[in-house]
Amino acid sequence: MNRITEAFSGKTAFIPFVTGGDPDIETTEALLHTLAEAGADIIEIGIPFSDPIAEGPVIEAADVRALSHGCTVDDLFEMVARVRRSVQIPLLMMTYYNPIFVYGAQRFCERCAQVALDGLIVPDLPFEERDELYEVARTHGVTLISMIAPTSSDERIETIARASEGFLYCVSSLGVTGERSELGAAARVMIEKVRRVSSVPCAVGFGVSTPAQAREIAGFADGVIVGSALVRIVAESGRASADDVARFTAQMKAAIS
Amino acid sequence: MTTGRFGPYGGRYIPETLMGAVRELEEAYEHWRSDPGFTSELDALLCGYAGRPSLLTYAAKMTADLGGAKIYLKREDMNHTGSHKINNVLGQALLAKKMGKTRLIAETGAGQHGVATATAAALLDMDCEVFMGAEDMERQALNVYRMELLGATVTKVVSGTGTLKDAVNATMREWAGRMVDTHYCLGSVMGPHPFPTLVRDFQAVIGREIRAQFFEAEGRLPDAIIACVGGGSNAIGSFYEFIDDATVELIGCEAAGCGVDTPRHAATLAKGSVGVLHGMKSYFCQDEFGQIMPVYSISAGLDYPGIGPEHALLHDADRARYVPVTDDEAVEAFGYLARTEGIIPAIESAHALAFAMRYAPRLGPDKSIVVTLSGRGDKDVAAIARYQGVALHE
């Protein structure tokens with residue numbers, strides 16, 4: 001079994017997201033240790049991008065902070081290599097396609113394999129376009145995570161679910177990333193459709209920010225992805241955010257256990 | 001690989017959330033584009049409302065003054081709302097209406113596309129919200145007010161560089177959150193499939209008219225067609241009809257800002273490299289890590305770090321060539337056309353004119369070129385005065 005899929009066995013996985021290099025590489029490095037120790041089952045590391053079209057204002061601002069300090073993909077690979085000496089849970093990179101394309105898919109996936117990154121989430125590389133990355137990623141043992149959204153047709157959901165590996169990223173609601181006071185029932189319906197054709201673990205993201213929401217989602221999903229709420233803590237506390245992040249992670253973890 | 005490719009360029013690199021919306025648009029366009037009712041309704045709007053066909057004006061004084069090829073001007077500046085943008089907007093607004101949409105959203109740089117969209121929304125009884133970079137709102141304050149007069153809401157985009165690319169980001173985000181009643185009326189031959197094809201088809205009327213009007217005037221094909229290129233819609237609209245006519249030289253003029261050897265330019269093909277942004281694979285101004293670079297031009301309409309995918313292919317295939325034109329050259333051409341022909345061109349179009357002024361004397365008097373005047377320059381008068389250090393009391 002894929003190490004990513006294993007992270008879902010026997011529990012609801014908690015999957016936090018942090019923007020790499022926000023506010024600096026050292027802070028991200030420390031936070032990865034904090035998250036792993038506080039019980040994260042998988043961690044997504046965002047590569048900051050100049051034009052993050054799927055992000056709401058919280059993560060976009062984090063990207064701006066990281067880029068303004070000169071954070072590059074190479075810095076993030078080196079940081080992951082250091083973290084890997086002690087952190088064993090699956091690590092994913094979440095990135096827009098252009099940083100991969102310009103780096104070169106081959107070279108990018110080689111670097112992922114060297115630093116033992118488990119997978120990639122590429123929000124602007126939909127199923128129809130993924131071939132140009134999928135094979136090269138697979139060759140290097142890097143899992144390309146698929147996404148479905150409330151606007152995906154039943155036929156698309158089935159096609160994508162059948163072909164998905166690691167886990168399936170279920171976008172909870174329309175719009176961009178960011179905290180939402182109410183999460184629609186859309187995710188539950190989507191996951192029911194997935195279940196008809198695949199046993200791939202389903203993790204729900206976009207808008208999840210409170211333990212109560214996480215608990216609700218854990219009732220029907222295999223994993224809970226939390227981005228903006230964590231990035232907001234980092235935005236507010238910066239280099240001193242470790243304690244707040246640990247506390248939040250423990251609360252979320254407790255809510256879904 | 002998906003449909004909607006121009007060689008390796010184009011495609012559909014967008015979040016899953018938007019896939020349903022672009023597929024819905026693609027299906028609707030496939031259905032309506034050949035529907036006689038739709039095409040006659042659109043023709044009626046283009047002729048009876050937008051003022052088509054636009055003139056092809058022989059620039060006799062300019063030709064005599066420059067002493068070379070005969071220069072013809074394709075007068076998109078004469079269209080209702082003052083630019084070629086209305087051609088595409090009427091097509092998309094009518095299509096959106098057929099799809100049952102009640103609201104149009106759009107990005108705008110110079111404000112021309114925003115004004116055109118607000119106009120079509122007013123005419124067709126649709127709601128309209130236009131996203132505009134904070135810096136562009138400053139540069140084009142008059143167009144902001146114009147859009148509001150037409151009943152549109154103008155939303156200021158402060159993220160990123162506060163220019164056209166950030167307005168595109170904001171409009172895509174808005175669309176991802178609300179697509180049931182909303183159509184994204186994209187303003188150029190860019191974005192995910194089907195936009196580059198659909199916008200080109202709606203703008204191709206420019207080239208079709210050039211062919212007929214030029215034939216009437218000269219009894220043959222023109223030797224060159226010159227147009228400015230930001231995303232590239234007036235250029236592809238001018239070029240498309242002539243792609244298979246190998247004797248017709250196609251020349252796109254990019255904004256070189258302060259010069260291509262400075263960091264302050266928007267010359268995508270001269271200085272950019274292949275990447276993926278805003279749903280398409282094409283050329284972009286970017287750094288070695290794929291971060292999109294801030295671009296600059298005096299012209300808000302050309303201040304975009306990418307170019308439509310069909311231009312990328314025409315460039316690679318050597319079917320069209322793309323030349324950089326600086327702010328200084330464009331401003332010079334802006335004043336020159338006003339003095340010489342009594343026509344104040346948009347500063348965007350002045351980039352094409354500037355190259356024509358350089359190029360015409362190199363061709364013999366037996367040659368003829370057509371320059372597409374994509375828009376009129378009323379909107380630019382204040383900015384040009386500022387550029388030249390003239391104090392205006394408005």
Query raised in the report: Do we find a residue being touching a residue at least 12 places away in the same chain (Cβ under 8 Å), surrounded by fewer than 24 Cβ atoms within 10 Å (Cβ to Cβ), within 14 Å of another protein chain (Cβ to nearest Cβ) and under 29 Å from A:PRO126 (Cα atoms) anywhere in region B:293-308?
Result: yes
Query raised in the report: Among the residues of region B:222-272, which ones are hydrophobic (A, V, I, L, M, F, W, C), free of Cβ contacts under 8 Å to residues at least 40 places away in the same chain and crowded, with 18+ Cβ neighbours inside 10 Å?
Result: B:PHE242, B:VAL248, B:ALA266
Requested in this report: State whether the residues of region B:53-71 include one that is in a strand (DSSP E or B) and crowded, with 22+ Cβ neighbours inside 10 Å.
Outcome: yes
**Report entry** Which listed residue is crowded, with 22+ Cβ neighbours inside 10 Å, hydroxyl-bearing (Ser, Thr, Tyr) and facing another protein chain (nearest Cβ under 9 Å), from A:SER164, A:SER172, A:SER152
**Finding:** A:SER152
**Report entry** Test set (1) modelled with pLDDT of 95 or more; (2) closer than 22 Å to B:ILE226 by Cβ - B:TYR304 fails condition number
**Finding:** (1)
Query raised in the report: Which residues, taken from region B:217-265, are of a type in the set (Asp, Glu) and within 18 Å of the chain's Cα centre (by Cα)?
Result: B:GLU241, B:GLU254
Report summary line: Taking region B:239-278 and the residues there that are assigned to a loop (DSSP other than H, G, I, E, B) and aliphatic (A, V, I, L, M), the one that is nearest to B:LYS367 (Cα to Cα) would be B:VAL248
Report summary line: Checked against (1) within 14 Å of another protein chain (Cβ to nearest Cβ); (2) outside any helix (DSSP H, G or I); (3) within 20 Å of the chain's Cα centre (by Cα), A:ILE157 satisfies every condition except (2)
Requested in this report: List every residue pair whose Cβ atoms lie under 7 Å apart, where the two residues are 6 or more positions apart in sequence or sit on different chains, the first residue falls within region A:123-142 and is within 8 Å of chain B (Cβ to nearest Cβ) and within 21 Å of A:PHE49 (Cβ to Cβ), and the second residue, located anywhere, is at pLDDT 95 or above and part of a loop (DSSP other than H, G, I, E, B).
Outcome: A:PRO123/A:TYR96; A:PRO123/B:PRO15; A:ASP124/A:TYR96; A:ASP124/B:ILE14; A:ASP124/B:PRO15; A:PRO126/B:ILE14
Query - Residue that is assigned to a helix (DSSP H, G or I) and away from chain A (no Cβ under 14 Å), where the choices are B:ALA212, B:ALA176, B:ALA167 - result: B:ALA212
Report task. State which residue is farthest from B:GLU174 (Cα to Cα) when the search covers only region B:18-44 and only residues that are assigned to a loop (DSSP other than H, G, I, E, B) and not small (Gly, Ala, Ser). Result -> B:ASP35
Query raised in the report: Restricting attention to region A:188-211, and to residues there that are out of contact with any helix residue (DSSP H, G or I) (no Cβ under 7 Å at 6 or more places or on another chain) and part of a helix (DSSP H, G or I), which single residue is surrounded by the most Cβ atoms within 10 Å (Cβ to Cβ)?
Result: A:ILE191
Query raised in the report: Which of the residues belonging to region B:349-378 are more than 17 Å from B:GLU332 (Cα to Cα) and either at pLDDT below 90 or basic (Lys, Arg) (or both)?
Result: B:ARG362, B:LYS367
Query raised in the report: Is it fair to say A:MET94 is under 24 Å from A:GLY238 (Cα atoms), out of contact with any Gly (no Cβ under 7 Å at 6 or more places or on another chain) and touching a residue at least 24 places away in the same chain (Cβ under 8 Å)?
Result: no
Query raised in the report: What do you reckon, is A:ASP22 crowded, with 24+ Cβ neighbours inside 10 Å, farther than 20 Å from A:GLY223 by Cβ and more than 14 Å from chain B (Cβ to nearest Cβ)?
Result: yes
Query raised in the report: Just checking, which of B:GLU218, B:GLU254, B:GLU241 is over 21 Å from B:SER282 (Cβ atoms), of a type in the set (Asp, Glu) and touching a strand residue (DSSP E or B) at 6+ places or on another chain (Cβ under 7 Å)?
Result: B:GLU218
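The values are calculated or read from the model by the stated rules, or taken from the named source; none is laboratory data. Treat the numbers as computed from the prediction; the structure is a model and nothing was measured. Glycine gets a Cβ as well: all are built from the backbone with ideal geometry, and neighbour counts include every protein chain shown.
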